[in-house]
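The structure under discussion appears below in the form of structure tokens.
Please treat every number below as a calculation from the coordinates, not as lab data. Just so we're clear, the structure is a prediction, and the values are computed from it rather than from any experiment. As a convention, Cβ positions derive from the backbone with ideal geometry for all residues, glycine included, and neighbour counts pool all protein chains shown.
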Amino acid sequence: MRQGFTKYFLITALFFQYLSASATEGMWLPQLLTQLNEKEMKSMGMKISAADIYNLNKGSLKDAIVSFGGFCTGEIISSQGLLLTNHHCGYESIQKHSSIDHNYLDNGFWARNQQEELPNPGLTATFIVRIEEVTPQVLQGLYSGMSETERQSAVDKNLARIKDGYRKESYQEVLIKPFFEGNRYFLFLTEVYKDVRLVGTPPSSIGKFGSDTDNWMWPRHTGDFSIFRVYAGKDNRPAEYSKDNVPLKPKYFLPISLDGIATNDFTMVFGFPGRTNEYLPSEAIKLTVEKQDPAKVSMRDAALKVIDGFMRKDEQIKIQYAAKYASTANAWKKWIGEMQGIRQTGGIQRKLAYEARFRQLAPAYGGLLDSLNSLYQTQAPYAVSKDYYTELTRNVEMLNFANDLLTMMQDTRLKGEDQFSDLRKKYLDKVAPKYRNYNNDVDRAVAIALLDIYFREVPSRSIGGEAYQVWMESNKDSRTATGKMYELSAMTSFGKLEAFLNRPFKSVEQAIWKDPGLRMMIGLRNGYADFINKPYDSLQPDINRLQRRYMEAQMTVMKDKRFYPDANSTLRITYGKVGGYSPRDAVEYGIATTLEGVMEKYKPGDYEFDVPEKLRTLHANKDYGAYGVNGKMPVCFIASNHTTGGNSGSPALDAYGNLIGLNFDRTWEGTMSDINYDASICRNIMVDIRYVLFIVDKFAGAEHLIRELKLVHPKQAVKPLKKAA
């Protein structure tokens, strides 16, 4: 126990000591800004205090920031719970409300009053009430020499005890997350609101303008926003959906600045970044960009080409596959940019130089680093095969459905046959909505493309005998294999699947082996479990242990470096300045785009670059209202804030804490910031809040929403933060 506490105090002291790193790198915990960042932030131009950002005694900026659905960020912008996030964050909800007759994806949607706002079952908005460090409690009882299994078991017991004993209200929840590879732990007290309704969204020709061609690119001209509203019970507490619920009265909401941005303006992005790995060793970086990224890109490249061909020919398929295509393309293009960014900035060479310096400063830790790099080399072939398998079963929906069915059958064996009826119902309820957006011809074409890649690139010894036998029976030809699967399998429609499962458990268990789709999945699944996942997982405990020790060692010996925790979907703030960049020789990018650029890209009838007639008319008449500047309409801008996935929808804030934009992307050259941030080219992309207001007001005519907002001019007159009414 004493060793655990000693380690905790050492790491804590080191955490507060190192304050001299890059001014724009880092994803910082808001409750520690006073100790770690406030002085630097003010030197860069911030006009408010750390207490205005995170405060337990009064409303502060953190009370306006929510985790939107657990996958994006949103912010409260009115005293009536109005929530702003990205169009692509709200995309699935918008799609679910869309049909041929009411195509909100193509035409947009604007509720004229609160009664017209659309409920979204399952969508949540999570607020952070407070953040506390619980490292001593979590590490209690740990000692050197414990195996990773023993250590994790002790940690899990401590976590359960902390959660059970934590004083909270019945409507609050407790989340505890590890930081610095498990060297520190923080507790988050949350309130999860479960009634979130769609208020307004521009058509995809604005909210998704540029679509996949412009994704991750700069210059950008996308009005990537959508508006929701958080509802609560009449006591203002979280409640399940009810027509009797009322708009949330927030502790704080964000004022909106109409003054715009200029080069070198201080900016902050506040949100829930998903995952970064900034402290990996060199072999892990090599594995990522030289092997894993190329594997995943090849699979998604093939799937996207197939789906795009169908979407361009069929309007119904376009609606069915819109969200899936966007999700698939997003990561695909990011991985391409990550590979290019690492090469362009010499990321691997920089990491090797860092490691050489680490060895010089701490020769005693050199063996630790060598062992960690060696483990990543050993794990590499399994990691790549794992990615091929994951991409295959993700992008071929029949295999995805089949995999879930096999899991349900396995659960039945474990829990007892008497549970089959309930487990079957849960499975069917889960897949039913997925089948509504499923097309058998599309999926078959995707399977043809991806099965060929999988059986070509994954070693046969890793595929396993069962799957390879099915492949041999099909003459190693994906068209033959899919011919059987998609003509004879019960997985090709929900009706067939429902009928297939509508019999006793034993009968289903026997029939599975005769179904070609399920038989293929059984073979793939068994081979993956035995020859890919098992050896991969066998190496992971040692990697985790050494990664944790390496993290501790870096913080101990690299005394001129400031360490921030990797992103893990918890509330963080990052800060930087508005500024352009030069991605390559003779290319210089400015800080902002305007509606002129939208018109320059305009292609009539093109699903990526068409422009609505009303927007063209507003542009032709220069009818920009209070939101234009010198006859031009601002659209997007960039800054050096360190962001990642999960930051989508995060507010971009000015020096006074006012909303100036909405984070939605990164520049393509800087997507490698998840593993290798480089201030020279890493930029986040934001839609200018003035463009959001212009679309809501002048394009949509939703003046009632504008009247809900608090519009300010901070550059004309400094105004202090005020609590919500």
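Report, in listed order, any pair from Lys334/Lys614; Lys177/Lys251; Lys163/Lys559 with a Cα-Cα distance greater than 30 Å. Long pairs (Cα-Cα over 30 Å): Lys334/Lys614; Lys163/Lys559. Computed over the alpha carbons of region 282-555, Rg followed by Dmax gives 21.7, 68 Å. Let a ≥ b ≥ c be the square roots of the eigenvalues of the Cα gyration tensor of region 600-725; is it rounded (a/c under 1.5), or, if not, prolate (a/b larger than b/c) or oblate? It is oblate, given that a/c is not under 1.5 and a/b is not larger than b/c.
Dipole check for the chain: with +1 at the C-beta of Lys and Arg, -1 at the C-beta of Asp and Glu, and the Cα centre as origin, the magnitude is about 1240 Debye.
Amide H contacts of Tyr581 (H built 1.01 Å from N, in plane; Pro and chain starts excluded): Tyr589 sit under 5 Å, all sequence-distant by 5 or more or on other chains. The order of the peptides 528-538, 83-93 by mean Cβ neighbours within 10 Å, most packed first, is 83-93, 528-538. Taking other Cβ atoms within 10 Å as a rough exposure proxy, Leu406, Leu501, Leu399, Leu56 sort from fewest to most as Leu56, Leu406, Leu501, Leu399. Of the residues Leu352, Tyr528, Val396, the one whose Cα sits farthest toward the positive end of the charge dipole of region 282-555, with +1 on the Cβ of Lys and Arg and -1 on the Cβ of Asp and Glu, is Leu352. Pairs exceeding 18 Å between alpha-carbon atoms, taken from Lys305/Lys434; Lys296/Lys324; Lys194/Lys318: Lys305/Lys434; Lys194/Lys318. When only the Cβ of Lys, Arg, Asp and Glu is charged (+1, +1, -1, -1), the dipole of region 355-403 relative to its Cα centre reaches about 180 debye.
Remark on the chain: Cys636, Cys682 stand apart, with no other cysteine beta carbon under 4.7 Å.
Taken about its Cα centre, region 321-407 carries a charge dipole of roughly 400 debye when the Cβ of each Lys and Arg holds +1 and the Cβ of each Asp and Glu holds -1. Ordered by the number of other Cβ atoms lying within 10 Å of each residue's own Cβ, fewest first, Tyr231, Tyr656 fall into the sequence Tyr656, Tyr231. Couplings 3J(HN,Hα) of region 119-131, computed from phi: x, 9, x, x, 7, 10, 10, 10, 9, 9, 7, 7, 10 Hz, in residue order, whole Hz [Karplus 6.51 cos²θ - 1.76 cosθ + 1.60, θ = phi - 60°; x for Gly and Pro]. By a straight-distance test (C-alpha under 17 Å), which lysines pair with Lys415 as possible cross-link partners, with residues fewer than eight away in the same chain excluded? Within the straight-line limit of under 17 Å, Lys415 reaches these lysines: Lys425, Lys426, Lys506.
Listing Thr345, Thr393 from fewest to most neighbouring C-beta atoms within 10 Å gives Thr345, Thr393. Amide H to amide H distances under 5 Å link Gly108 with Ser204, where only residues 5 or more positions off or on other chains count and H is placed in the peptide plane.
Counting helices only, and only those DSSP H runs with n ≥ 4, report the 222 nm mean residue ellipticity of the chain as the sum of -39,500 (n - 2.57) divided by its residues, in deg cm²/dmol to the nearest 500. So the helix-based figure for the chain works out to -14000 deg cm²/dmol. For region 53-148, the gyration tensor built on C-alpha atoms gives an oblate shape. Its axis ratio a/c (a ≥ b ≥ c) is at least 1.5, and a/b is not larger than b/c.
Scanning the chain for long hydrophobic helices, with DSSP H runs required to stretch 20 angstrom or more by C-alpha along their axis and to average at least -1.0 on the Kyte-Doolittle scale, returns 2-17, 293-311, 315-345, 347-361, 366-395, 397-415, 440-457. Cross-link partners for Lys484 among the lysines, with Cα-Cα distance under 17 Å and sequence neighbours closer than 8 places in the same chain left out: Lys476, Lys496, Lys514.
Take the Cβ atoms of Lys177 and Glu703, set R0 to 41 Å, and the FRET efficiency comes out at 0.45. Judged by the mean number of other Cβ atoms found within 10 Å, the most tightly packed of the peptides 569-575, 112-118, 144-150 leads the ranking 569-575, 112-118, 144-150.
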